Amino acid sequence: METVIEFIMKLFGGLIFIYMLVVIATYSAMFLFAFTDLRRQRRLDRRESDDRFIQAFYSKPVSILVSAYNEEAGVVGSIHSLLNLNYPQTELLVIDDGSTDGTAAAVIRRFDMVLAEKPVNPQISTARVTELYRSRIHPNLWLIRKENGGKGDALNVGINYARFPYFCTIDGDSILDVNSLIRVMKPIMTSGGKVVAAGGNVRIVNGMAVDHGVVSEIRMSGRPLVVMQIVEYLRAFLMGRIALSRLNMVLIISGAFSVFSKKYAIETGGYNTETIGEDMEMVVKIQRLIKERKEDAQVEFVPDPVCWTEAPQTLSVLRRQRRRWHQGLLESLWQHKKMTLNPKYGTVGMLSFPYFWFVECLGPMIELGGYLYVITAFFMGGIYYEYAVLLMLLFILYGTVFSVGSVLLESWSLNAFPKRRDVLRMMALSLTEVVWYKPLTLFWRVEGLVRSMFRIRSWGDMERVGATKGMSE
(Lines give C-alpha, C1' and ligand atoms only; values in the text may rest on other atoms or scores of the structure.)
Protein backbone atom coordinates (compact mmCIF):
# COMPACT_ATOMS: atom_id res chain seq x y z
CA MET A 1 0.00 0.00 0.00
CA GLU A 2 2.82 2.38 0.84
CA THR A 3 4.43 1.79 -2.57
CA VAL A 4 1.17 2.63 -4.35
CA ILE A 5 0.79 5.83 -2.30
CA GLU A 6 4.38 6.83 -3.07
CA PHE A 7 3.81 6.23 -6.80
CA ILE A 8 0.61 8.27 -6.78
CA MET A 9 2.25 11.12 -4.86
CA LYS A 10 5.25 11.22 -7.21
CA LEU A 11 3.06 11.01 -10.34
CA PHE A 12 0.63 13.69 -9.15
CA GLY A 13 3.46 15.92 -7.95
CA GLY A 14 5.22 15.57 -11.29
CA LEU A 15 2.08 16.43 -13.26
CA ILE A 16 1.43 19.53 -11.15
CA PHE A 17 5.06 20.55 -11.50
CA ILE A 18 4.90 20.25 -15.33
CA TYR A 19 1.57 22.13 -15.41
CA MET A 20 2.99 24.99 -13.34
CA LEU A 21 6.05 25.28 -15.58
CA VAL A 22 3.84 25.46 -18.69
CA VAL A 23 1.60 28.09 -17.10
CA ILE A 24 4.54 30.18 -15.89
CA ALA A 25 6.12 30.06 -19.35
CA THR A 26 2.78 31.10 -20.91
CA TYR A 27 2.29 34.01 -18.55
CA SER A 28 5.90 35.11 -18.98
CA ALA A 29 5.35 35.33 -22.74
CA MET A 30 2.10 37.25 -22.15
CA PHE A 31 3.89 39.66 -19.84
CA LEU A 32 6.51 40.37 -22.51
CA PHE A 33 3.79 40.97 -25.12
CA ALA A 34 2.01 43.35 -22.76
CA PHE A 35 5.19 45.22 -21.86
CA THR A 36 6.13 45.69 -25.52
CA ASP A 37 2.66 46.89 -26.50
CA LEU A 38 2.23 49.25 -23.57
CA ARG A 39 5.72 50.70 -24.12
CA ARG A 40 4.71 51.54 -27.70
CA GLN A 41 1.44 53.13 -26.59
CA ARG A 42 3.14 55.03 -23.78
CA ARG A 43 5.04 57.08 -26.37
CA LEU A 44 1.82 58.30 -28.00
CA ASP A 45 0.07 61.52 -27.10
CA ARG A 46 -3.41 60.09 -26.53
CA ARG A 47 -5.18 63.43 -26.35
CA GLU A 48 -3.67 64.61 -29.62
CA SER A 49 -4.63 61.30 -31.22
CA ASP A 50 -8.21 61.67 -29.94
CA ASP A 51 -8.53 65.15 -31.42
CA ARG A 52 -7.09 64.06 -34.77
CA PHE A 53 -9.69 61.33 -35.20
CA ILE A 54 -12.74 63.13 -33.83
CA GLN A 55 -14.07 64.20 -37.25
CA ALA A 56 -13.69 60.71 -38.69
CA PHE A 57 -15.99 59.26 -36.03
CA TYR A 58 -18.98 60.96 -37.65
CA SER A 59 -18.89 58.14 -40.20
CA LYS A 60 -19.14 55.51 -37.44
CA PRO A 61 -22.10 56.42 -35.20
CA VAL A 62 -22.67 54.09 -32.25
CA SER A 63 -25.76 52.83 -30.45
CA ILE A 64 -24.98 52.39 -26.75
CA LEU A 65 -26.90 49.53 -25.12
CA VAL A 66 -27.25 49.48 -21.34
CA SER A 67 -28.75 46.27 -19.99
CA ALA A 68 -30.21 46.93 -16.54
CA TYR A 69 -31.77 44.51 -14.08
CA ASN A 70 -32.31 45.83 -10.54
CA GLU A 71 -29.65 48.53 -11.04
CA GLU A 72 -31.47 51.30 -9.17
CA ALA A 73 -28.38 52.08 -7.07
CA GLY A 74 -26.10 52.91 -9.99
CA VAL A 75 -28.02 53.25 -13.25
CA VAL A 76 -28.52 57.06 -13.09
CA GLY A 77 -24.80 57.66 -12.53
CA SER A 78 -23.99 55.31 -15.39
CA ILE A 79 -26.34 57.16 -17.75
CA HIS A 80 -24.79 60.51 -16.75
CA SER A 81 -21.33 59.18 -17.65
CA LEU A 82 -22.60 58.01 -21.06
CA LEU A 83 -24.27 61.35 -21.79
CA ASN A 84 -20.92 63.04 -21.07
CA LEU A 85 -18.99 60.95 -23.61
CA ASN A 86 -16.80 62.80 -26.07
CA TYR A 87 -18.20 61.16 -29.21
CA PRO A 88 -19.92 63.00 -32.08
CA GLN A 89 -22.94 60.78 -32.77
CA THR A 90 -24.56 58.28 -30.42
CA GLU A 91 -27.92 57.07 -29.25
CA LEU A 92 -28.35 55.64 -25.75
CA LEU A 93 -30.76 52.74 -25.22
CA VAL A 94 -31.35 51.64 -21.62
CA ILE A 95 -33.04 48.22 -21.60
CA ASP A 96 -34.83 47.46 -18.33
CA ASP A 97 -35.01 43.67 -18.23
CA GLY A 98 -38.09 43.37 -16.03
CA SER A 99 -36.48 44.89 -12.92
CA THR A 100 -38.32 44.35 -9.63
CA ASP A 101 -36.83 47.42 -7.95
CA GLY A 102 -37.08 51.11 -8.88
CA THR A 103 -34.64 51.05 -11.82
CA ALA A 104 -37.14 52.23 -14.45
CA ALA A 105 -38.80 54.75 -12.14
CA ALA A 106 -35.43 56.31 -11.27
CA VAL A 107 -34.51 56.73 -14.96
CA ILE A 108 -37.94 58.09 -15.95
CA ARG A 109 -37.96 60.59 -13.09
CA ARG A 110 -34.37 61.81 -13.39
CA PHE A 111 -34.38 62.26 -17.17
CA ASP A 112 -37.97 63.45 -17.64
CA MET A 113 -39.05 60.60 -19.88
CA VAL A 114 -42.36 60.18 -21.69
CA LEU A 115 -43.94 57.34 -23.65
CA ALA A 116 -42.79 57.32 -27.26
CA GLU A 117 -42.38 55.20 -30.40
CA LYS A 118 -39.16 54.12 -32.09
CA PRO A 119 -38.62 52.21 -35.36
CA VAL A 120 -37.64 48.60 -34.75
CA ASN A 121 -36.20 45.90 -37.00
CA PRO A 122 -36.90 42.63 -35.12
CA GLN A 123 -34.20 40.43 -36.68
CA ILE A 124 -33.62 38.57 -33.40
CA SER A 125 -36.40 36.89 -31.44
CA THR A 126 -36.75 38.29 -27.91
CA ALA A 127 -39.07 38.53 -24.92
CA ARG A 128 -41.91 41.02 -25.25
CA VAL A 129 -41.24 44.75 -25.04
CA THR A 130 -43.85 46.40 -22.81
CA GLU A 131 -43.09 50.14 -22.91
CA LEU A 132 -40.82 52.60 -24.68
CA TYR A 133 -39.83 55.99 -23.26
CA ARG A 134 -37.82 58.93 -24.59
CA SER A 135 -36.19 61.70 -22.59
CA ARG A 136 -37.41 65.25 -23.13
CA ILE A 137 -34.06 66.54 -21.81
CA HIS A 138 -31.82 64.31 -23.93
CA PRO A 139 -33.63 63.26 -27.15
CA ASN A 140 -31.01 60.59 -27.89
CA LEU A 141 -31.79 58.79 -24.59
CA TRP A 142 -34.35 55.97 -24.67
CA LEU A 143 -35.71 53.56 -22.05
CA ILE A 144 -37.02 50.19 -23.25
CA ARG A 145 -38.99 48.16 -20.70
CA LYS A 146 -39.39 44.46 -21.39
CA GLU A 147 -40.32 41.19 -19.79
CA ASN A 148 -37.45 39.49 -17.98
CA GLY A 149 -35.38 37.29 -20.26
CA GLY A 150 -31.81 37.69 -19.04
CA LYS A 151 -28.97 39.98 -20.05
CA GLY A 152 -28.48 38.37 -23.46
CA ASP A 153 -32.15 38.80 -24.31
CA ALA A 154 -32.06 42.45 -23.19
CA LEU A 155 -29.07 43.14 -25.44
CA ASN A 156 -30.87 41.43 -28.35
CA VAL A 157 -33.77 43.85 -27.82
CA GLY A 158 -31.26 46.69 -27.95
CA ILE A 159 -29.81 45.37 -31.21
CA ASN A 160 -33.28 45.24 -32.75
CA TYR A 161 -33.94 48.87 -31.80
CA ALA A 162 -30.42 50.18 -32.55
CA ARG A 163 -30.30 52.40 -35.64
CA PHE A 164 -26.50 52.61 -36.05
CA PRO A 165 -24.08 50.05 -37.59
CA TYR A 166 -22.07 49.60 -34.38
CA PHE A 167 -23.32 49.05 -30.86
CA CYS A 168 -21.53 49.39 -27.54
CA THR A 169 -22.61 47.25 -24.57
CA ILE A 170 -22.41 48.72 -21.07
CA ASP A 171 -23.51 47.20 -17.78
CA GLY A 172 -26.12 49.12 -15.81
CA ASP A 173 -23.62 50.01 -13.08
CA SER A 174 -20.68 50.92 -15.35
CA ILE A 175 -19.10 54.36 -15.75
CA LEU A 176 -17.00 55.38 -18.76
CA ASP A 177 -14.24 57.95 -18.92
CA VAL A 178 -15.13 60.79 -21.28
CA ASN A 179 -12.81 59.57 -24.11
CA SER A 180 -13.35 55.83 -23.60
CA LEU A 181 -15.71 55.32 -26.54
CA ILE A 182 -13.44 57.23 -28.93
CA ARG A 183 -10.48 55.09 -27.93
CA VAL A 184 -12.25 51.74 -28.13
CA MET A 185 -13.62 52.70 -31.57
CA LYS A 186 -10.22 53.80 -32.86
CA PRO A 187 -9.08 50.32 -34.01
CA ILE A 188 -12.34 49.96 -35.95
CA MET A 189 -11.72 53.33 -37.62
CA THR A 190 -8.03 52.83 -38.40
CA SER A 191 -8.53 49.29 -39.70
CA GLY A 192 -11.19 50.36 -42.19
CA GLY A 193 -13.72 48.05 -40.58
CA LYS A 194 -11.38 45.05 -40.39
CA VAL A 195 -11.81 45.06 -36.61
CA VAL A 196 -15.41 43.92 -36.07
CA ALA A 197 -15.38 43.82 -32.25
CA ALA A 198 -13.32 45.61 -29.63
CA GLY A 199 -13.24 45.60 -25.87
CA GLY A 200 -11.89 48.11 -23.38
CA ASN A 201 -10.17 47.93 -20.02
CA VAL A 202 -12.37 47.40 -16.95
CA ARG A 203 -11.46 48.92 -13.59
CA ILE A 204 -13.15 48.74 -10.20
CA VAL A 205 -15.02 51.83 -9.02
CA ASN A 206 -15.53 50.83 -5.37
CA GLY A 207 -14.17 53.57 -3.13
CA MET A 208 -13.85 56.18 -5.90
CA ALA A 209 -15.31 59.67 -5.67
CA VAL A 210 -18.03 59.88 -8.33
CA ASP A 211 -19.86 63.06 -9.30
CA HIS A 212 -22.71 62.90 -11.86
CA GLY A 213 -21.32 59.82 -13.56
CA VAL A 214 -17.70 61.00 -13.62
CA VAL A 215 -14.89 59.55 -11.49
CA SER A 216 -13.70 62.82 -9.98
CA GLU A 217 -11.06 61.43 -7.64
CA ILE A 218 -9.11 58.17 -7.58
CA ARG A 219 -9.51 56.59 -4.16
CA MET A 220 -8.64 53.00 -3.47
CA SER A 221 -11.15 51.00 -1.45
CA GLY A 222 -10.28 50.23 2.15
CA ARG A 223 -11.45 46.64 1.75
CA PRO A 224 -8.70 44.05 1.12
CA LEU A 225 -11.18 41.90 -0.84
CA VAL A 226 -11.82 44.75 -3.29
CA VAL A 227 -8.10 45.60 -3.60
CA MET A 228 -7.30 41.98 -4.47
CA GLN A 229 -9.91 42.13 -7.23
CA ILE A 230 -8.22 45.29 -8.56
CA VAL A 231 -4.94 43.39 -8.76
CA GLU A 232 -6.66 40.43 -10.38
CA TYR A 233 -8.27 42.68 -13.02
CA LEU A 234 -4.89 44.26 -13.81
CA ARG A 235 -3.33 40.84 -14.30
CA ALA A 236 -6.17 39.56 -16.48
CA PHE A 237 -6.62 42.64 -18.67
CA LEU A 238 -3.08 43.98 -18.99
CA MET A 239 -1.35 40.63 -19.44
CA GLY A 240 -3.72 38.03 -20.87
CA ARG A 241 -5.92 40.06 -23.17
CA ILE A 242 -3.20 42.27 -24.64
CA ALA A 243 -1.19 39.21 -25.68
CA LEU A 244 -4.20 37.37 -27.11
CA SER A 245 -5.28 40.51 -28.95
CA ARG A 246 -1.92 40.98 -30.65
CA LEU A 247 -2.19 37.46 -32.07
CA ASN A 248 -5.90 37.82 -32.96
CA MET A 249 -6.81 35.06 -30.49
CA VAL A 250 -9.25 36.93 -28.22
CA LEU A 251 -12.15 34.75 -27.05
CA ILE A 252 -13.59 37.11 -24.47
CA ILE A 253 -14.01 40.86 -24.13
CA SER A 254 -15.89 42.10 -21.11
CA GLY A 255 -19.61 42.64 -21.56
CA ALA A 256 -19.19 45.60 -19.19
CA PHE A 257 -17.61 47.56 -22.07
CA SER A 258 -17.36 46.29 -25.63
CA VAL A 259 -18.22 47.38 -29.19
CA PHE A 260 -19.52 45.12 -31.97
CA SER A 261 -20.45 45.39 -35.61
CA LYS A 262 -24.23 44.99 -35.63
CA LYS A 263 -24.01 43.13 -38.94
CA TYR A 264 -21.76 40.42 -37.49
CA ALA A 265 -23.76 40.17 -34.27
CA ILE A 266 -26.99 39.58 -36.20
CA GLU A 267 -25.36 37.07 -38.55
CA THR A 268 -24.28 34.98 -35.54
CA GLY A 269 -27.87 34.95 -34.27
CA GLY A 270 -27.39 37.58 -31.57
CA TYR A 271 -26.64 36.88 -27.95
CA ASN A 272 -27.25 33.36 -26.69
CA THR A 273 -30.00 33.58 -24.06
CA GLU A 274 -29.40 30.04 -22.80
CA THR A 275 -25.82 30.50 -21.62
CA ILE A 276 -24.57 32.19 -18.47
CA GLY A 277 -21.55 33.80 -20.20
CA GLU A 278 -23.30 35.60 -23.04
CA ASP A 279 -20.41 38.04 -23.57
CA MET A 280 -17.80 35.32 -24.20
CA GLU A 281 -20.29 33.33 -26.28
CA MET A 282 -20.80 36.29 -28.62
CA VAL A 283 -17.05 36.74 -29.17
CA VAL A 284 -16.49 33.02 -29.79
CA LYS A 285 -19.35 32.94 -32.31
CA ILE A 286 -17.89 35.93 -34.16
CA GLN A 287 -14.41 34.33 -34.22
CA ARG A 288 -15.96 31.11 -35.52
CA LEU A 289 -17.89 32.98 -38.23
CA ILE A 290 -14.74 34.83 -39.32
CA LYS A 291 -12.68 31.66 -39.60
CA GLU A 292 -15.36 29.61 -41.35
CA ARG A 293 -15.82 32.35 -43.95
CA LYS A 294 -12.04 32.84 -44.17
CA GLU A 295 -12.49 36.59 -43.73
CA ASP A 296 -9.71 39.01 -42.90
CA ALA A 297 -11.39 40.33 -39.77
CA GLN A 298 -10.42 40.40 -36.12
CA VAL A 299 -11.42 41.04 -32.53
CA GLU A 300 -9.24 43.42 -30.54
CA PHE A 301 -8.66 44.39 -26.92
CA VAL A 302 -7.74 48.04 -26.30
CA PRO A 303 -5.99 48.63 -22.93
CA ASP A 304 -6.35 52.40 -22.71
CA PRO A 305 -10.12 53.12 -22.70
CA VAL A 306 -11.38 52.63 -19.17
CA CYS A 307 -14.74 51.42 -17.91
CA TRP A 308 -15.34 51.62 -14.17
CA THR A 309 -17.57 48.93 -12.71
CA GLU A 310 -18.68 47.91 -9.24
CA ALA A 311 -17.05 44.81 -7.74
CA PRO A 312 -18.42 42.48 -5.04
CA GLN A 313 -17.64 43.64 -1.51
CA THR A 314 -18.49 40.42 0.32
CA LEU A 315 -17.23 36.86 -0.02
CA SER A 316 -20.72 35.49 -0.67
CA VAL A 317 -21.37 37.80 -3.65
CA LEU A 318 -17.85 37.27 -5.04
CA ARG A 319 -18.36 33.51 -4.77
CA ARG A 320 -21.56 33.68 -6.83
CA GLN A 321 -19.88 35.89 -9.42
CA ARG A 322 -16.80 33.68 -9.93
CA ARG A 323 -18.87 30.52 -9.92
CA ARG A 324 -21.11 32.01 -12.63
CA TRP A 325 -18.16 33.23 -14.71
CA HIS A 326 -16.59 29.79 -14.73
CA GLN A 327 -19.83 28.10 -15.69
CA GLY A 328 -20.12 30.50 -18.61
CA LEU A 329 -16.53 29.78 -19.66
CA LEU A 330 -17.10 26.01 -19.71
CA GLU A 331 -20.42 26.36 -21.55
CA SER A 332 -18.87 28.40 -24.36
CA LEU A 333 -15.85 26.12 -24.72
CA TRP A 334 -18.04 23.03 -24.79
CA GLN A 335 -20.55 24.58 -27.20
CA HIS A 336 -17.72 25.22 -29.68
CA LYS A 337 -15.46 22.28 -28.78
CA LYS A 338 -14.99 21.37 -32.46
CA MET A 339 -12.75 24.43 -32.76
CA THR A 340 -10.22 22.97 -30.29
CA LEU A 341 -6.97 22.00 -32.06
CA ASN A 342 -8.75 22.38 -35.39
CA PRO A 343 -6.39 23.98 -37.96
CA LYS A 344 -9.44 25.26 -39.85
CA TYR A 345 -9.74 27.95 -37.15
CA GLY A 346 -6.11 29.06 -37.25
CA THR A 347 -4.45 30.32 -34.09
CA VAL A 348 -7.85 30.58 -32.38
CA GLY A 349 -8.32 26.81 -32.67
CA MET A 350 -4.70 25.74 -32.32
CA LEU A 351 -3.56 28.04 -29.52
CA SER A 352 -6.35 30.06 -27.94
CA PHE A 353 -8.82 27.21 -27.34
CA PRO A 354 -6.17 24.89 -25.81
CA TYR A 355 -5.05 27.75 -23.56
CA PHE A 356 -8.58 28.43 -22.33
CA TRP A 357 -9.27 24.71 -21.83
CA PHE A 358 -5.97 23.86 -20.13
CA VAL A 359 -5.22 27.00 -18.12
CA GLU A 360 -8.45 28.93 -17.62
CA CYS A 361 -11.07 26.16 -17.47
CA LEU A 362 -9.40 23.03 -16.04
CA GLY A 363 -6.50 24.85 -14.39
CA PRO A 364 -8.36 25.59 -11.13
CA MET A 365 -8.81 21.86 -10.46
CA ILE A 366 -5.10 21.23 -11.00
CA GLU A 367 -4.03 24.23 -8.90
CA LEU A 368 -6.43 23.40 -6.08
CA GLY A 369 -5.12 19.84 -6.21
CA GLY A 370 -1.65 21.37 -5.91
CA TYR A 371 -2.62 23.12 -2.68
CA LEU A 372 -3.97 19.86 -1.27
CA TYR A 373 -0.80 18.07 -2.40
CA VAL A 374 1.41 20.60 -0.60
CA ILE A 375 -0.53 20.14 2.65
CA THR A 376 -0.39 16.34 2.36
CA ALA A 377 3.30 16.34 1.45
CA PHE A 378 4.22 18.47 4.47
CA PHE A 379 2.60 15.89 6.76
CA MET A 380 4.26 12.94 5.01
CA GLY A 381 7.75 14.46 5.32
CA GLY A 382 10.84 13.06 3.62
CA ILE A 383 11.18 13.68 -0.11
CA TYR A 384 7.57 14.88 -0.24
CA TYR A 385 8.51 17.82 1.95
CA GLU A 386 10.97 18.90 -0.76
CA TYR A 387 8.24 18.49 -3.39
CA ALA A 388 5.97 20.67 -1.28
CA VAL A 389 8.56 23.44 -0.92
CA LEU A 390 9.26 23.38 -4.67
CA LEU A 391 5.56 23.60 -5.54
CA MET A 392 5.00 26.44 -3.08
CA LEU A 393 7.82 28.36 -4.72
CA LEU A 394 6.16 27.83 -8.10
CA PHE A 395 2.79 28.96 -6.71
CA ILE A 396 4.42 32.10 -5.34
CA LEU A 397 6.15 32.76 -8.66
CA TYR A 398 2.94 32.16 -10.61
CA GLY A 399 0.66 34.16 -8.34
CA THR A 400 2.63 36.78 -6.47
CA VAL A 401 5.33 37.71 -8.98
CA PHE A 402 2.94 38.16 -11.91
CA SER A 403 0.50 40.10 -9.72
CA VAL A 404 3.20 42.48 -8.53
CA GLY A 405 4.48 42.74 -12.10
CA SER A 406 1.01 43.68 -13.35
CA VAL A 407 0.70 46.41 -10.71
CA LEU A 408 4.07 47.84 -11.71
CA LEU A 409 3.19 47.56 -15.41
CA GLU A 410 -0.04 49.50 -14.87
CA SER A 411 1.69 52.14 -12.76
CA TRP A 412 4.39 52.61 -15.40
CA SER A 413 2.15 52.68 -18.46
CA LEU A 414 -1.43 53.80 -17.73
CA ASN A 415 -1.06 55.10 -14.17
CA ALA A 416 -4.75 54.90 -13.24
CA PHE A 417 -3.70 54.79 -9.57
CA PRO A 418 -1.25 57.69 -9.28
CA LYS A 419 -0.78 57.63 -5.50
CA ARG A 420 2.36 55.80 -4.46
CA ARG A 421 0.77 54.43 -1.29
CA ASP A 422 -1.99 52.80 -3.34
CA VAL A 423 0.56 51.08 -5.58
CA LEU A 424 2.53 49.90 -2.53
CA ARG A 425 -0.66 48.65 -0.92
CA MET A 426 -1.60 46.63 -3.99
CA MET A 427 1.89 45.15 -4.10
CA ALA A 428 1.82 44.30 -0.40
CA LEU A 429 -1.55 42.57 -0.69
CA SER A 430 -0.32 40.69 -3.76
CA LEU A 431 2.24 39.01 -1.51
CA THR A 432 -0.60 37.47 0.49
CA GLU A 433 -2.64 36.29 -2.52
CA VAL A 434 -1.42 32.67 -2.48
CA VAL A 435 -2.35 32.34 1.19
CA TRP A 436 -6.05 33.30 1.12
CA TYR A 437 -7.43 34.90 -2.04
CA LYS A 438 -6.12 32.44 -4.62
CA PRO A 439 -7.34 29.27 -2.82
CA LEU A 440 -10.80 30.81 -2.35
CA THR A 441 -11.23 31.78 -6.00
CA LEU A 442 -9.89 28.39 -7.14
CA PHE A 443 -12.45 26.61 -4.96
CA TRP A 444 -15.29 28.77 -6.29
CA ARG A 445 -14.23 28.17 -9.89
CA VAL A 446 -14.13 24.42 -9.29
CA GLU A 447 -17.63 24.80 -7.83
CA GLY A 448 -18.64 26.38 -11.13
CA LEU A 449 -17.26 23.38 -13.03
CA VAL A 450 -19.17 20.94 -10.81
CA ARG A 451 -22.40 22.93 -11.09
CA SER A 452 -22.03 23.05 -14.86
CA MET A 453 -21.52 19.28 -15.06
CA PHE A 454 -24.66 18.72 -12.98
CA ARG A 455 -26.52 21.38 -15.02
CA ILE A 456 -27.20 23.55 -11.98
CA ARG A 457 -27.94 26.93 -13.54
CA SER A 458 -28.09 30.12 -11.53
CA TRP A 459 -27.05 33.63 -12.55
CA GLY A 460 -26.81 34.79 -8.92
CA ASP A 461 -27.66 38.30 -7.78
CA MET A 462 -24.98 41.00 -7.72
CA GLU A 463 -25.81 43.21 -4.76
CA ARG A 464 -25.16 46.83 -5.75
CA VAL A 465 -24.31 49.61 -3.35
CA GLY A 466 -23.88 52.30 -6.01
CA ALA A 467 -20.63 54.04 -6.90
CA THR A 468 -21.32 57.18 -4.94
CA LYS A 469 -21.90 55.19 -1.80
CA GLY A 470 -18.43 53.74 -2.16
CA MET A 471 -16.90 57.10 -1.31
CA SER A 472 -17.24 56.52 2.37
CA GLU A 473 -15.10 53.40 2.40
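Look at where the Cα atoms of segment 304-353 and of segment 206-272 average out, and the two centres are 13 Å apart.
A protection proxy built from the mean count of other Cβ atoms within 10 Å ranks the segments 119-126, 95-102, most packed first, as 95-102, 119-126. On segment 72-192, 45 percent of the accessible area sits on carbon and sulfur atoms, based on a 1.4 Å probe. The base-10 log of I(q)/I(0) for the chain, evaluated at q = 0.09 Å⁻¹, reads -0.60 [Debye formula, identical scatterers on Cα atoms, solvent excluded]. Projecting the Cα atoms of Phe379, Met189, Val202 onto the dipole axis of the chain, where Lys and Arg carry +1 and Asp and Glu carry -1 at the beta carbon, places Met189 farthest toward the positive end.
Ligands, DNA and RNA left out, the 1.4 Å accessible surface of segment 238-382 is 61% carbon and sulfur atoms. Applying the criteria of a DSSP loop state and at most 13 other Cβ atoms within 10 Å to the trypsin sites (Lys or Arg not before Pro) of segment 372-454 yields Lys419.
Using just its DSSP H runs of length 4 or more, each adding -39500 (n - 2.57), the chain gives a mean residue ellipticity at 222 nm of -15000 deg cm²/dmol after division by all residues.
By the gyration tensor of its Cα atoms, with a ≥ b ≥ c the square roots of the eigenvalues, what is the shape of segment 98-192: rounded for a/c under 1.5, prolate for a/b over b/c, or oblate? The shape class here is prolate.
The stretch between Ser125 and His138, if pulled fully straight at 0.36 nm per residue, gains 1.8 nm over its current Cα-Cα span.
Computed extension length for Asn148-Thr347: 67.9 nm, one decimal, from 0.36 nm per residue of separation with the Cα-Cα distance subtracted. Can you give the FRET efficiency to the nearest 0.05 for Glu6 and Ala428, using r as the Cβ-Cβ distance and R₀ = 30 Å? The value I calculate is 0.15. Between segment 79-96 and segment 1-38, the C-alpha centres lie 45 angstrom from each other. Taken along the Cα-to-beta-carbon direction at a fixed 7 Å, the label points for Ile18 and Glu217 span 5.5 nm.
Quick check on segment 76-128: take the gyration tensor over C-alpha atoms, sort the square-rooted eigenvalues as a ≥ b ≥ c, and tell me if it's rounded (a/c under 1.5), prolate or oblate. It is oblate, given that a/c is not under 1.5 and a/b is not larger than b/c. For Thr376 and Glu117, the FRET efficiency from 1/(1 + (r/R0)^6), where r spans their Cβ atoms and R0 equals 51 Å, is about 0.15. Our estimate of slack between Ile396 and Ser316, defined as 0.36 nm per intervening residue step minus the Cα-Cα distance, is 26.2 nm. The peptide list 401-414, 19-32, put in order of mean Cβ contacts within 10 Å with the highest first, becomes 401-414, 19-32. The protection proxy used here, the mean number of other Cβ atoms lying within 10 Å of each residue, ranks peptides 202-211, 68-77, 183-192, 4-13 as follows, highest first: 68-77, 202-211, 183-192, 4-13.
In this structure segment 194-313 gives 26 Å² per residue of accessible area when probed at 1.4 Å with all protein chains present. Rounded to the nearest 0.05, the FRET efficiency derived from the C-beta distance between Ser191 and Leu32 at R0 = 22 Å is 0.35.
The values are calculated or read from the model by the stated rules, or taken from the named source; none is laboratory data. None of the values given here were measured: they were computed from a predicted structure. Virtual Cβ from ideal backbone geometry, glycine too; neighbours counted across all protein chains shown. All accessible areas refer to the heavy atoms of the entire protein, side chains included, with ligands and DNA or RNA removed. Shrake-Rupley method; radii C 1.70, N 1.55, O 1.52, S 1.80 Å.
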